[in-house]
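Chemist: Here it is: the structure, laid out below.
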Amino acid sequence: MRKYVAEPFKIKMVEPLKMTTRAEREEKLIAANYNLFALDSDDVYIDFLTDSGTGAMSDTQWAGIVSGDESYAGARGYKKVMTAVKDIFNYEYAQPVHQGRAAEQVLFPSLLKKGQCCISNMHFDTTRGHVTLLGGTPIDLVVAEAKDTLTFMPFKGNMDIDRLNAKIAEVGVENVGMIVMTITNNSAGGQPVSMSNIKATSEVAKKHGIPMVIDAARYAENAYFIKTREEGYADVEIIDIVREMFSYADAFTMSAKKDAIVNMGGLIGVKNDEELFVKVKGLTIPYEGFVTYGGLAGRDLEALSIGLYEGIDADFLKYRIGQIEYLGDKLRDAGVPLQYPTGGHAVFLDAKELLPHIPYHQFPGQALALELYLEAGIRSCDIGSYMLDVDPVTREQKEAEMEFTRLAIPRRVYTQAHFDVVVEALKTIKENADKVKGYEITWQPPILRHFTAKLKPIK
Ligand code: F0G
């Protein structure tokens, strides 16, 4: 049995949680039209909807909040963020923005032309969205192992290098605008990418003169996996692993709401291309505000400059990854199917395997997420056919390759006992799995439906 890695911190401030009864939760779900995004967070006991912006800041970060400099131009926090980026990533230029998707909006127009494609190990939804908005085509080339949820593979997030070479040859170099390496690979289950794969991808990019961008949302967790799973890195400091990972790319976009442990914030990094950085600054002003605040308050910049270091602390990462492994292993011991090994920020339950009687068009991932809320007030989300949506042309429901229910774990927020509650709830659901019903959609918007669609259980 895996031991829980004890917290490398103690608790100074608490946020009470409301307890609800099953009967109350049944009513809340009817009122929310069986959409977990429509619940009041006060009616949620354990919130695993996302690990983004939901972390607990440290006392040092809160001290930074109080001393934040709110000057419009040249604020102290801006300089601290610049110094941190130079130190941690060894990039010459950085631009703060308000969150990850803003970084994509500001950077991508300088790299991707209409009609070009963007190749990634896997695009996150907003990355895919920004590529599409620019008239580009997103292409995912994750390794085949990502789809095998049962077998241990150390780096299931990797880019398939053979398919990358073949794809570039097929579409022509001039039609590839950029390569985006997402670390860790969120959509494949928070799975890491190895250093050798980042390097190999970068060699392909360099050979063809294609810019390579890192989607750095969970870069620190990725560095920890390299340290613990890749030969030759056991004795290398996390910060040096980070420097090496980023040395292979030309630029990065970052949602700082994950590994930089802030409630709001993002970053663009440019390694050394001054011309590109001038373009980035040019688009920051209309989209995000003046360059020295980039959509953030001065206090947010302070918290970000501190969080960047806290996120790469080796003891913190050991606890963080250990927490996810603890939950994953306890669930596996109980026979609950999931993407194995567990990734960095979440446990991805295999709803297709747990609820084989629910077909994809009745949304097994969503059905399991709803059942978890009913059972114990736990909020999670579907990463499967419900999220995938209908075909934009035929309006037919598409079938996802994997039907996941994602338990995304906020940083420094929940304790071992909370995880045990989750395990107990899933054991009960597993015992009665054949009674769980599928769902149908009664209303949906034209795009990104999973946030606002209305559903009802199938009788
Ligand atoms: N890239 C990745 C890999 C992400 O996971 C996210 C957000 C973004 C970019 C966009 O960043 O939200 O700050 O604009 N992921 C969150 C999630 C929302 O729940 O996985 P953002």
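Just so you know, all these numbers are worked out from the coordinates, no wet-lab data involved. As the structure is a computational prediction, the values presented were derived from the model and not from experiment. Glycine gets a Cβ as well: all are built from the backbone with ideal geometry, and neighbour counts include every protein chain shown.
Chemist: Of all beta bridges DSSP finds with both residues in the chain, what is the antiparallel percent, to the nearest 5? Please report the intermediate quantities before stating the final value.
Modeler: Values: 26 of 43 bridges.
Rounded to the nearest five, the antiparallel share is 60 percent.
Chemist: Further question on the same structure: Search the structure for amide H atoms under 5 Å from the amide H of GLY384, placed 1.01 Å from N in the peptide plane, and list their residues when 5 or more places away or on another chain.
Modeler: PHE404
Chemist: If one computes the Cα centroid of region 220-253 and of region 338-402, what distance in Å separates the two points?
Modeler: After rounding, the separation between the Cα centres reads 31 Å.
Chemist: Arranged by the count of other C-beta atoms within 10 angstrom, fewest first, what order do LYS427, LYS435, LYS206, LYS459 take?
Modeler: Arranged by neighbour count, lowest to highest, LYS427, LYS435, LYS206, LYS459 become LYS459, LYS435, LYS206, LYS427.
Chemist: Using only the alpha carbons of region 6-98, what is the convex hull's orientation-averaged projected area in square nanometres?
Modeler: On the way: hull surface 39.8 nm².
Computed as one quarter of the Cα hull surface, the answer is 10.0 nm².
Chemist: If I model a spin label as a point 7 Å beyond the Cα along the Cα-Cβ vector, how far apart are those points for ASP42 and LYS114 in nm?
Modeler: If labels sit at ASP42 and LYS114, their model points lie 4.9 nm apart.
Chemist: Using only the Cα atoms of the chain, what semi-axes does the equivalent ellipsoid have when each is the square root of 5 times a gyration tensor eigenvalue? Give whole Å, largest first.
Modeler: The three semi-axes for the chain are 34, 26, 22 Å.
Chemist: For region 59-310, give me the percentage of DSSP beta bridges that are antiparallel, rounded to the nearest 5 percent. Before the final figure, lay out the partial values.
Modeler: Values: 12 of 27 bridges.
Approximately 45 percent, going by the DSSP bridge assignments.
Chemist: If you plug each phi of region 286-299 into the Karplus form 6.51 cos²θ - 1.76 cosθ + 1.60 with θ = phi - 60°, what whole-Hz ³J(HN,Hα) values come out, in order, with x for Gly and Pro?
Modeler: x, 8, 10, x, 4, 4, 7, 10, x, x, 10, 7, x, 5
Chemist: How long is the gain from TYR309 to TYR287 if the chain were fully straight, where each residue apart is worth 0.36 nm and the alpha carbon distance is subtracted? Walk me through the intermediate numbers first.
Modeler: On the way: separation 22, 0.36 × 22 = 7.92 nm, distance 2.74 nm.
Taking 0.36 nm per residue and subtracting the Cα distance, the gain is 5.2 nm.
Chemist: Here's another thing I want to ask about it. Note down the Stokes-Einstein diffusion coefficient of region 59-310 in µm²/s, whole number, using a Kirkwood radius over alpha carbon pairs, 10 °C, and 1.306 mPa s. Before the final figure, lay out the partial values.
Modeler: Working: Rh = 18.2 Å.
It comes out at roughly 87 µm²/s.
Chemist: Further question on the same structure: May I have the convex hull volume per residue, in Å³, for the Cα set of region 386-440?
Modeler: On the way: hull volume 6.9 nm³, N = 55.
Measuring per residue, one finds 126 Å³ for the Cα hull of region 386-440.
Chemist: Between ASP162 and TYR72, what's the calculated FRET efficiency when r is the beta-carbon distance and R0 is 56 Å? Round to 0.05.
Modeler: So the FRET efficiency works out to roughly 0.65.
Chemist: Would you kindly give the portion of the calculated P(r) for region 90-137 that falls above 11 Å, as a percent of all Cα pairs?
Modeler: So the portion of pairs separated by more than 11 Å is 68 percent.
Chemist: A further question on this structure: Hey, if you put +1 on the Cβ of every Lys and Arg and -1 on every Asp and Glu Cβ in the chain, which of LEU349, PRO364, GLY307 ends up farthest toward the positive end of that dipole?
Modeler: Going by the Cα projections, it comes out as PRO364.
Chemist: So if I place +1 on the C-beta of Lys and Arg and -1 on the C-beta of Asp and Glu, and nothing else carries charge, what would the dipole magnitude of region 59-310 be about its Cα centre? I want it in debye, nearest 20.
Modeler: Taking the Cα centre of region 59-310 as origin, the dipole is about 500 debye.
Chemist: Considering only the other residues whose Cβ falls under 15 Å of the Cβ of GLY307, what net charge follows from Lys and Arg at +1 and Asp and Glu at -1?
Modeler: -1
Chemist: Okay, next question. A 23 angstrom limit on the alpha carbon distance is what I want to check against. Which of LYS28/LYS398; LYS398/LYS435; LYS156/LYS258; LYS18/LYS435 exceed it?
Modeler: LYS28/LYS398; LYS398/LYS435; LYS18/LYS435
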